[in-house]
Amino acid sequence: MCKNCETNPVILLTNNTKGLCKSCFFRYFERKFNKTIAQFKLISPNERIGVAISGGKDSLTLLYLLNKLKSKKRFTIEALLIDEGIKGYRDNTIKDAKKFCKELGVKLNIVSYRDEFGYPLDMMIKKLKMKPCSICGVFRRYLINRYSRKLKFNKIATGHNLDDEVQSVMMNQFRNNPEISARLGPITGIKDNKKFIRRIKPLYLLSEKEVTTYSYLKNFKLKFCECPYNTEAYRINVREFINKFEEKYPGTKHSIINSFLEILPDIKEKFRNAEEIRYCKKCSEPCSNEICKACEIRSKI
Ligand SMILES: [Zn+2]
Ligand SMILES: [Zn+2]
């Protein structure tokens, strides 16, 4: 039975004993989304918010909810999609994204690897001896930051949910990478910087299961397809491990995030000045070396 109104539930809550019906779940989900934005001060009035979308359930849920909230909180949104050039995957999700943006009346900006770097990812991996995810990790972040600036976004929102963050936190623990954890959290960066557009994660406290349920019940017509290059074996193992643990000990994921949020200000403070920001000699984007990672990879193609 639904915890609030005694009708049939659509989802069980973390403790697995009670659930929520469809309308109570929508209310719960949207409240948590809005509360996250308010609690972590993710958006201020009159800001121009870019929404990084992939065409998947997380980013479309994010776009839908920001669009719903924008007039009440007085900010504007535009979508940004990076087209890596992955046949049979990205071309399908672009269609979904275009249709979705059109229905909401949100402007969609598309930036492609082919236009920016000369080749689609499908061709890059034939030329480079690198894992596709390593190339994308660099190029996506590079283009999102560069175009967020060009499009004059104050911040860029991404569809990362609770599960994504829990996985990243644990991966950094297992691999002893606290300086990478310092860049996590619901909002990146310590203060505004002209060259680095701050990234915000309004789905931070909502689980994968909750986002999936929400997008399904909202009838977002999506082909639930995954990137064919999803080869991040380490992350997949961590995800399975945490899911098993959550099943056995409900509440584990929330505990990990809550304790992480507790220590995050200290980690950020510690690594605040660890890396001085320099500017790439080739493209003048911010980076930590003479030449940025994107230009380094580009020179090998
Ligand atoms: Zn109910
Ligand atoms: Zn560069």
- prompt: Can you tell me which residues in region 87-118 are surrounded by 15 or more Cβ atoms within 10 Å (Cβ to Cβ), at pLDDT below 90 and either farther than 24 Å from L65 by Cβ or not β-branched (V, I, T) (or both)?
  reply: Y89, R90, N92, D96
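Mind listing whichever residues of region 1-46 are more than 16 Å from ligand 1 (Cβ to nearest atom) and crowded, with 18+ Cβ neighbours inside 10 Å?
Passing the criteria: F33, T36, I37, L42, I43.
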task: Scan region 169-179 and give yes if some residue there is among the acidic types (D, E), farther than 30 Å from F25 by Cβ and either out of contact with any Pro (no Cβ under 9 Å at 6 or more places or on another chain) or part of a helix (DSSP H, G or I) (or both), otherwise no.
output: yes
- prompt: Tell me, which residue of region 83-137 that is among the basic types (K, R) and part of a loop (DSSP other than H, G, I, E, B) is nearest to G50 (Cα to Cα)?
  reply: K107
query: Regarding R146, is this residue assigned to a helix (DSSP H, G or I) and within 18 Å of S54 (Cα to Cα)?
result: yes
message: Please go through region 150-163 and give me each residue that is surrounded by fewer than 21 Cβ atoms within 10 Å (Cβ to Cβ) and touching a Phe, Trp or Tyr at 6+ places or on another chain (Cβ under 9 Å), ordered by number.
response: N154
task: Could you give me the residue pairs with C-beta distances under 7 Å whose first residue belongs to region 268-287 and is surrounded by 12 or more Cβ atoms within 10 Å (Cβ to Cβ), whose second residue is part of a loop (DSSP other than H, G, I, E, B) and aromatic (F, W, Y) wherever it lies, and which are 6+ apart or on separate chains?
output: P286/F196
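The values are calculated or read from the model by the stated rules, or taken from the named source; none is laboratory data. The structure displayed is predicted, hence computed values, not measured ones. We place every Cβ from the backbone using ideal geometry, glycine too, and count neighbours over all the protein chains shown.
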